[in-house]
Amino acid sequence: MGHPSLGQPPRNLGVQPEAAAKLRAARSVIAARALEVAIDADRTMRERYDEAALRNLLRDAEVLIDRLALCVAGDDPFWLREFADQTAPVFRRRKVPVDDVIGVCEGIRTGARGVVDESVMPSVDRGIDAAIEIFRWYRTLAGDARRRNPIVAALYKGI
């Protein structure tokens, strides 16, 4: 990360400020749509999460959209990638499978298409793809709350 005292210039956030402002203004609408898309993709989310947990996911989606707005403003996926790296352990602690967070990210991509211009979508895609790449890496670690293959679980447990 650039830092002036280290002789590196700070990150530029003035590339697409209008698109970032549109994302921030429609943050709650995009977050609600993202959660709908994630629930439509995985119907078991309604059964696995109570109302409070769904509200937490909605709030998390709003924060992801704020970070996405920074990515779009500077045309740099750094902000969302680093945020995903920092929040993945929080999702693990809350017992939220990383696959559900990836579903919310894909929903954010879908919701952002209705808000920003098509010329800005490559910046949105780069930011979301960077976050999904980080989340998929955390998915490979032991302890993720995802559903296990029952055959493999039986082999490891012993019958």
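Residue 72 - would you say it is within 25 Å of residue 24 (Cα to Cα), of a type outside the set (Phe, Trp, Tyr), part of a helix (DSSP H, G or I) and under 11 Å from the mean Cα position of the chain (by Cα)? First the steps, then the outcome.
Working: within 25 Å of residue 24 (Cα to Cα): yes; of a type outside the set (Phe, Trp, Tyr): yes; part of a helix (DSSP H, G or I): yes; under 11 Å from the mean Cα position of the chain (by Cα): no.
For residue 72, the condition - within 25 Å of residue 24 (Cα to Cα), of a type outside the set (Phe, Trp, Tyr), part of a helix (DSSP H, G or I) and under 11 Å from the mean Cα position of the chain (by Cα) - is not met.
Can you tell which of 26, 88 is modelled with pLDDT of 95 or more and surrounded by 15 or more Cβ atoms within 10 Å (Cβ to Cβ)? Spell out how you get there, then give the answer.
Values: 88 fails: modelled with pLDDT of 95 or more.
Checking each option against the conditions leaves just 26.
Does residue 112 satisfy the condition of being closer than 14 Å to residue 62 by Cα, touching a residue at least 24 places away in the same chain (Cβ under 8 Å) and in a helix (DSSP H, G or I)? Walk me through how you get there before you give the answer.
Details: closer than 14 Å to residue 62 by Cα: yes; touching a residue at least 24 places away in the same chain (Cβ under 8 Å): yes; in a helix (DSSP H, G or I): yes.
Yes: the conditions hold for residue 112.
From the residues in the range 125-143 that are outside any loop (DSSP other than H, G, I, E, B) and either over 16 Å from the mean Cα position of the chain (by Cα) or in contact (Cβ under 8 Å) with a residue 60 or more places away in the chain (or both), which one is nearest to residue 33 (Cα to Cα)?
My answer is 128.
Could you tell me which numbered condition residue 119 fails, if it satisfies all but one of (1) modelled with pLDDT under 95; (2) assigned to a helix (DSSP H, G or I)?
Of (1) modelled with pLDDT under 95; (2) assigned to a helix (DSSP H, G or I), only one is false for residue 119: (2).
Say whether the condition of being among the charged types (D, E, K, R), in contact with an Asp or Glu (Cβ under 7 Å, 6 or more places away or on another chain) and in a loop (DSSP other than H, G, I, E, B) is met by at least one residue in the range 144-154. Give the derivation first.
Start the filter on the range 144-154 by keeping residues that are among the charged types (D, E, K, R), which leaves 144, 146-148.
Checking which are in contact with an Asp or Glu (Cβ under 7 Å, 6 or more places away or on another chain) leaves us with 146.
From what's left, in a loop (DSSP other than H, G, I, E, B): 146.
There is at least one residue in the range 144-154 that is among the charged types (D, E, K, R), in contact with an Asp or Glu (Cβ under 7 Å, 6 or more places away or on another chain) and in a loop (DSSP other than H, G, I, E, B).
The values are calculated or read from the model by the stated rules, or taken from the named source; none is laboratory data. Since the structure is predicted, the reported quantities are computational estimates derived from the model, not experimental observations. Counting neighbours? That spans all protein chains shown, and the Cβs are built from the backbone with ideal geometry, glycine included.
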